[in-house]
Amino acid sequence: MGKTTGAINPSASNTKDTSDGKVTVYIMGKACEVPATATIMGAIEYAGHQIIRGAGCREGYCGACATIYRVGNDYKIRTGLACTTLVEEGMTLTQIPSVPAEKALYNIEKLQPNVSAIQQTYPVVFRCVACNTCTRSCPEDIRVMDYVQAAKRGDITEIMNLSYYCVACGLCMLRCPAEITQPLVSILAKRLYGRYLSKNSPELHDRVTEIVSGRYEMEYAELMALTSDSLSQRYYARDSE
Amino acid sequence: MYPEYMAESLRKVTQTRPRRLELGKKSDPVFPLMTAAERNTVLNGFHPDFLADARRSVRIGPNRGEILTTEVADLLESHSWLKKRNIDLSRPHIETDLLIIGGGGAGCSAALVAMREQGMRSVIATKLRLGDANSMMSEGGMQAAVSRTDSPPRHYLDAIGGGHFANKPELVKALTEDAPKVVKWLEELGVVWDKEKDGTLQVLHGGGTSRKRMLSCRDHIGAMIMRTLMDEVRNHPEMITVKEFMPAVELLLDDAGRCAGAILYNMDSEEFFIVKAKATIIATGGFGRLHIRGFDTTNHYGATGDGLVMAYRAGAKLLYMDSVQYHPTGAVFPEQIAGFLITEKVRGAGGQPVNKDGELFVFPREPRDVEASAIIRECQQNAGGIKTPSGRTGIWLDIPIIDQLNGAGYIKHHFAAHHHQFMRYKIDITQEPILIYPSLHYQNGGVEINARCETNLPGLYVAGEASGGVHGKNRLMGNSVLDYNVFGQRAGRYAGEYARQTQIGQLSLRHLDAYEQELMDAAIQTELVTPIVLPSYAPADVKQRQWLKNSSQLPGASVLHNRLHAEAHFAESL
């Protein structure tokens, strides 16, 4: 591989971690010695696994790598995304790459941005007993129970705001004693908000009308006919906002 | 938390901040913009594309003799998974109108438009889950000339100048002219755009924009759009079938030489499926996981350039596969997030890259290749970088200055994801700068398309990062989210239109024989089998003991595919 200062990915360039610190983790019960600075995903791969399910974006957006673990003698089950959670000595872990959940089929044009949409799609929401387990199990610190409460009230804006950063890893719905499918409610609410509650943008409407009416065709034709040199001149001479 | 030895440098960043804040408040650039000549100097001297050995001539295929990125040439000069040619293609396992390879933004958009406008059924085949794609990961925004001071032709000029005037004009016109319509279509599907109180769309600058036209969904535009598209795709199971963990491994042609589907591989059962389709869309995304020049990448796990090699074997021409985009700001500290994307929106909102002495050395929003090269120059030539404990080098990205420019709370609201991400490592980005260095980000080129997403191979359409020509030799921020929407929709429209009037003949894989023959004629000796599908990050010693799997010459090449030729390698290893 080429040499590039400060940019070599140790794993990509096939060099083993050289730092001394190692910890023992138990991947689905099996002991593995891994670098102390590794993420859970790094540890699983360090142990030689080829992840098929349980890795996606690898940066905390996609929710593919939900993981549950315990550490040492602590009775608590903890949760994390494997890509962003660091290993700890004595961690025993398993990935939960998929949580069964039935997505409601709907036509967004036929729903209303209020409690009726929740009743039609995910009535299971109303079984919430407000135990807060969902919030405690969220690796992204989202106030899940609060948005479930908002769903019961039909407060679409509140659900959208509270669940904005939900990565749909599914850990909340796995642990929910009322079997609610929270991430599905979140995406529905965001869509309802975007479709119905977000204020219209007059400038967008006008711009689309202009384009459809062919308002810019002449200007495009002129630009597209320019030689590379005159285009370059035009580019470097353009003013900036 | 930063190590103690960085304290002095951190103090300097704080010290120079008031002075830089004054610059930031003025309307003039905080640092002089580069001229065309200065851009050329920094690119030729420091962009990784210009390093020795970064490019070489490809010896076979439609682009034979052309200079390509070395890793891409390696990828193309490889064997097919399907070595045995006695595959019975007469009874396809699946028949469909459209086969869409790739379940990211382009693939989902294509399926929805083909359904709505053309009444066509699609099969979406994807190697991971639906939405496991670079589309999911975009942070900063999408360009669209919606504001009153802006216009689509101005967007055209910015994009084509940013691409060094190599962009295909018809594609840039399509990109910029469709942009406002895309904003509207996405909003109707339920995307929550950032808006001012009166409903006006919020706009910011990005690198190389002459008007504020970066629309956003906080710092999560990718997830917002991708989850909306996925949800809508899932609402139509009768029209759109999603096959997950089922990557395509080769395209199929028919006896008239048209693209007629693909062979899919089920990663769970290791079965192969013959899919016959009236039209095929490649929407497989980019190639960051090839770790070109050894760089870390911002890309998702499956970004291995599969579409490129499948299309190339079938005879499709590539364009600008000598040009790689390195995002100026990838994280370099802490080690666990090395290579992760730090959105350009940080600089759009007033964040400044500064060296170890806290001094500006480049305008914060030059086009990406120029900005990235200037950062590399600052580290390599001017010794302006800071070394991390693991031996990487980076410069500071001053984020706290954003709150001072825009008011307290701005960072926490607009960069909540980054705030959360760094707090995990006890770095509060409202108080402290972060260390960054360019990270492998985007495939500027790809399979050459026209404005209808057609390739030189009838029946094969390409959209999104896998395509080439839209961005010339350098893409601007916010034009890739736009790209996969504009061309994903166009691919669905025109492939759908084509499919409605096409009858497929007898299926064939004969192009693989021809390709293998070319390899032999060129005396190319390689053990590489592609598409790569997934990289492997097992340590070197583990890989050596993985006797069934270890034959690849590319770093991180798949362990899966080599099972096809397992006996040979097993014997060699013994």
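Looking at the structure I just gave you, is B:LYS197 over 20 Å from B:GLY285 (Cβ atoms), out of contact with any Lys or Arg (no Cβ under 6 Å at 6 or more places or on another chain) and not assigned by TED's automatic domain parsing to the domain that holds B:GLU344? Explain how you work it out, then say what you get.
On the way: over 20 Å from B:GLY285 (Cβ atoms): yes; out of contact with any Lys or Arg (no Cβ under 6 Å at 6 or more places or on another chain): yes; not assigned by TED's automatic domain parsing to the domain that holds B:GLU344: yes.
Taking the combined requirement at face value, the residue satisfies it.
Restricting to region B:18-40, count the residues that are within 20 Å of B:GLN431 (Cβ to Cβ) and in contact with a helix residue (DSSP H, G or I) (Cβ under 6 Å, 6 or more places away or on another chain).
2
Can you pull out every residue in region B:35-74 that is farther than 13 Å from B:ILE292 by Cβ, β-branched (Val, Ile, Thr) and away from chain A (no Cβ under 11 Å)?
B:THR41, B:VAL42, B:VAL58, B:ILE60, B:ILE67
Considering B:ARG91, B:ARG116, B:ARG129, B:ARG121, which residue is free of Cβ contacts under 8 Å to residues at least 40 places away in the same chain and out of contact with any Phe, Trp or Tyr (no Cβ under 7 Å at 6 or more places or on another chain)? Break it down stepwise before answering.
Numbers: B:ARG91 fails: free of Cβ contacts under 8 Å to residues at least 40 places away in the same chain; B:ARG129 fails: free of Cβ contacts under 8 Å to residues at least 40 places away in the same chain; B:ARG121 fails: free of Cβ contacts under 8 Å to residues at least 40 places away in the same chain.
B:ARG116 is the lone residue from the list that is free of Cβ contacts under 8 Å to residues at least 40 places away in the same chain and out of contact with any Phe, Trp or Tyr (no Cβ under 7 Å at 6 or more places or on another chain).
Does B:GLU497 satisfy the criteria of being part of a helix (DSSP H, G or I) and modelled with pLDDT of 95 or more?
On the way: part of a helix (DSSP H, G or I): yes; modelled with pLDDT of 95 or more: yes.
Judged against the criteria, B:GLU497 is a match.
Among (1) more than 17 Å from the chain's Cα centre (by Cα); (2) at pLDDT 95 or above; (3) at positive phi, there is one condition A:GLY48 misses while meeting the rest; what is its number?
Condition not satisfied by A:GLY48: (2).
Within region A:143-164, track down each residue that is crowded, with 19+ Cβ neighbours inside 10 Å and within 13 Å of chain B (Cβ to nearest Cβ).
Answer for region A:143-164, where residues must be crowded, with 19+ Cβ neighbours inside 10 Å and within 13 Å of chain B (Cβ to nearest Cβ): A:ILE156, A:ILE159, A:MET160, A:LEU162, A:SER163, A:TYR164.
All but one of (1) at pLDDT 95 or above; (2) surrounded by fewer than 24 Cβ atoms within 10 Å (Cβ to Cβ) hold for B:HIS164; which doesn't?
(1)
Here is a list: B:LEU51, B:LEU82. Which entry is modelled with pLDDT under 95 and either aromatic (Phe, Trp, Tyr) or under 22 Å from the mean Cα position of the chain (by Cα) (or both)?
Numbers: B:LEU82 fails: either aromatic (Phe, Trp, Tyr) or under 22 Å from the mean Cα position of the chain (by Cα) (or both).
Testing whether each residue is modelled with pLDDT under 95 and either aromatic (Phe, Trp, Tyr) or under 22 Å from the mean Cα position of the chain (by Cα) (or both) leaves just B:LEU51.
From the list A:ARG234, A:ARG207, A:ARG215, which residue is part of a loop (DSSP other than H, G, I, E, B) and at pLDDT 95 or above?
On the way: A:ARG234 fails: part of a loop (DSSP other than H, G, I, E, B); A:ARG207 fails: part of a loop (DSSP other than H, G, I, E, B).
So the residue among A:ARG234, A:ARG207, A:ARG215 that is part of a loop (DSSP other than H, G, I, E, B) and at pLDDT 95 or above is A:ARG215.
Yes or no, residue by residue, for (1) out of contact with any Phe, Trp or Tyr (no Cβ under 8 Å at 6 or more places or on another chain); (2) under 16 Å from B:SER536 (Cα atoms); (3) in a loop (DSSP other than H, G, I, E, B); (4) modelled with pLDDT under 85:
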site	(1), (2), (3), (4)
A:THR4	no, no, yes, yes
A:ALA12	no, yes, yes, yes
A:THR18	yes, no, yes, yes
A:VAL23	yes, no, no, no
A:CYS32	no, no, no, no
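Would you call A:GLN112 in a loop (DSSP other than H, G, I, E, B) and surrounded by fewer than 16 Cβ atoms within 10 Å (Cβ to Cβ)? First the steps, then the outcome.
Details: in a loop (DSSP other than H, G, I, E, B): yes; surrounded by fewer than 16 Cβ atoms within 10 Å (Cβ to Cβ): yes.
Spelling it out, A:GLN112 is indeed in a loop (DSSP other than H, G, I, E, B) and surrounded by fewer than 16 Cβ atoms within 10 Å (Cβ to Cβ).
Within region A:73-82, is there a residue that is facing chain B (nearest Cβ under 9 Å) and at pLDDT below 95?
Narrowing region A:73-82 to residues facing chain B (nearest Cβ under 9 Å): none.
No, because not a single residue in region A:73-82 is facing chain B (nearest Cβ under 9 Å) and at pLDDT below 95.
Can you tell me how many residues within region B:92-109 are small (Gly, Ala, Ser) and in a loop (DSSP other than H, G, I, E, B)? Steps first, please.
Keep residues of region B:92-109 that are small (Gly, Ala, Ser), which gives B:102-107, B:109.
Still in the running and in a loop (DSSP other than H, G, I, E, B): B:102-104.
Residues that pass the stated criteria total 3.
Considering each residue of region B:236-279, count those that are farther than 18 Å from B:ARG91 by Cα, in contact with a strand residue (DSSP E or B) (Cβ under 6 Å, 6 or more places away or on another chain) and of a type in the set (Asp, Glu), and give that number.
So the count comes out to 0.
Okay, residues lined up against (1) crowded, with 20+ Cβ neighbours inside 10 Å; (2) out of contact with any strand residue (DSSP E or B) (no Cβ under 7 Å at 6 or more places or on another chain); (3) assigned to a helix (DSSP H, G or I):
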position	(1), (2), (3)
B:GLU8	no, yes, yes
B:GLN15	no, yes, yes
B:ARG39	no, yes, yes
B:ALA73	yes, no, yes
B:SER90	no, yes, no
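Taking the stated definitions as given, is B:GLY102 away from chain A (no Cβ under 11 Å), at pLDDT 95 or above, on the phi > 0 side of the Ramachandran plot and crowded, with 22+ Cβ neighbours inside 10 Å?
Values: away from chain A (no Cβ under 11 Å): yes; at pLDDT 95 or above: yes; on the phi > 0 side of the Ramachandran plot: yes; crowded, with 22+ Cβ neighbours inside 10 Å: yes.
Yes: the conditions hold for B:GLY102.
Within 27 Å of the chain's Cα centre (by Cα), within 14 Å of another protein chain (Cβ to nearest Cβ) and not in a loop (DSSP other than H, G, I, E, B), is that true of B:LEU112? Before the answer, list the steps.
Details: within 27 Å of the chain's Cα centre (by Cα): yes; within 14 Å of another protein chain (Cβ to nearest Cβ): yes; not in a loop (DSSP other than H, G, I, E, B): yes.
It is true that B:LEU112 is within 27 Å of the chain's Cα centre (by Cα), within 14 Å of another protein chain (Cβ to nearest Cβ) and not in a loop (DSSP other than H, G, I, E, B).
Pick out the one residue from B:ALA279, B:ALA316, B:ALA303, B:ALA311 that is over 23 Å from the mean Cα position of the chain (by Cα), at pLDDT 95 or above and either buried (at least 24 other Cβ atoms within 10 Å of the Cβ) or part of a loop (DSSP other than H, G, I, E, B) (or both). Even if it seems obvious, please write down each step before you answer.
Details: B:ALA316 fails: over 23 Å from the mean Cα position of the chain (by Cα); B:ALA303 fails: over 23 Å from the mean Cα position of the chain (by Cα); B:ALA311 fails: over 23 Å from the mean Cα position of the chain (by Cα).
None of the others qualify; the one that does is B:ALA279.
Do we have A:ARG58 as surrounded by 24 or more Cβ atoms within 10 Å (Cβ to Cβ), assigned to a loop (DSSP other than H, G, I, E, B) and in contact (Cβ under 8 Å) with a residue 12 or more places away in the chain here? Quick ask: steps written out before the conclusion?
Values: surrounded by 24 or more Cβ atoms within 10 Å (Cβ to Cβ): yes; assigned to a loop (DSSP other than H, G, I, E, B): yes; in contact (Cβ under 8 Å) with a residue 12 or more places away in the chain: yes.
So A:ARG58 fits the description; yes.
I'd like the full set of residues that are surrounded by 13 or more Cβ atoms within 10 Å (Cβ to Cβ) and facing another protein chain (nearest Cβ under 8 Å), limited to region A:207-235.
Matches in region A:207-235: A:ARG207, A:VAL208, A:ILE211, A:TYR216, A:GLU219, A:TYR220, A:LEU223, A:MET224, A:LEU231, A:SER232, A:ARG234, A:TYR235.
Could you give every pair whose Cβ atoms fall below 7 Å, whose first residue belongs to region B:416-427 and is facing chain A (nearest Cβ under 7 Å), and whose second residue is buried (at least 18 other Cβ atoms within 10 Å of the Cβ) and in a helix (DSSP H, G or I), counting only separations of at least 6 or pairs across chains?
Close Cβ pairs satisfying both conditions: B:GLN421/B:ILE337.
Would it be correct to say that B:TYR425 is farther than 22 Å from B:MET226 by Cα and among the aromatic types (Phe, Trp, Tyr)? Please lay out each step first, then the result.
Working: farther than 22 Å from B:MET226 by Cα: yes; among the aromatic types (Phe, Trp, Tyr): yes.
It is true that B:TYR425 is farther than 22 Å from B:MET226 by Cα and among the aromatic types (Phe, Trp, Tyr).
Does any residue of region B:338-351 turn out to be within 14 Å of chain A (Cβ to nearest Cβ), in contact with a Leu (Cβ under 9 Å, 6 or more places away or on another chain) and more than 28 Å from B:ASP53 (Cα to Cα)?
The answer is yes; a qualifying residue exists.
Only one residue in B:THR35, B:THR41 is modelled with pLDDT under 95, out of contact with any Cys (no Cβ under 8 Å at 6 or more places or on another chain) and not assigned by TED's automatic domain parsing to the domain that holds B:ASP398. Which one? Break it down into steps so the answer makes sense when it comes.
Values: B:THR41 fails: modelled with pLDDT under 95.
The match here is B:THR35.
Given the options B:GLY391, B:GLY384, name the one that is at the interface with another protein chain (Cβ under 10 Å from one of its Cβ atoms) and either acidic (Asp, Glu) or in a loop (DSSP other than H, G, I, E, B) (or both).
Values: B:GLY384 fails: at the interface with another protein chain (Cβ under 10 Å from one of its Cβ atoms).
One residue alone meets the criteria, B:GLY391.
Given the conditions (1) in a helix (DSSP H, G or I); (2) touching a Lys or Arg at 6+ places or on another chain (Cβ under 9 Å), which single one is not true for A:ARG195?
Only one criterion is unmet by A:ARG195, namely (2).
State whether the residues of region B:466-489 include one that is in a helix (DSSP H, G or I) and of a type in the set (Lys, Arg).
To start, the set of residues in region B:466-489 that are in a helix (DSSP H, G or I) comprises B:466, B:479-489.
Subset that is of a type in the set (Lys, Arg): none.
No, region B:466-489 contains no residue that is in a helix (DSSP H, G or I) and of a type in the set (Lys, Arg).
The values are calculated or read from the model by the stated rules, or taken from the named source; none is laboratory data. A quick note: this is a predicted structure, and the numbers were derived from the prediction, not measured. Reconstructed Cβ throughout: ideal geometry from the backbone, glycine too, with neighbour counts over all protein chains shown.
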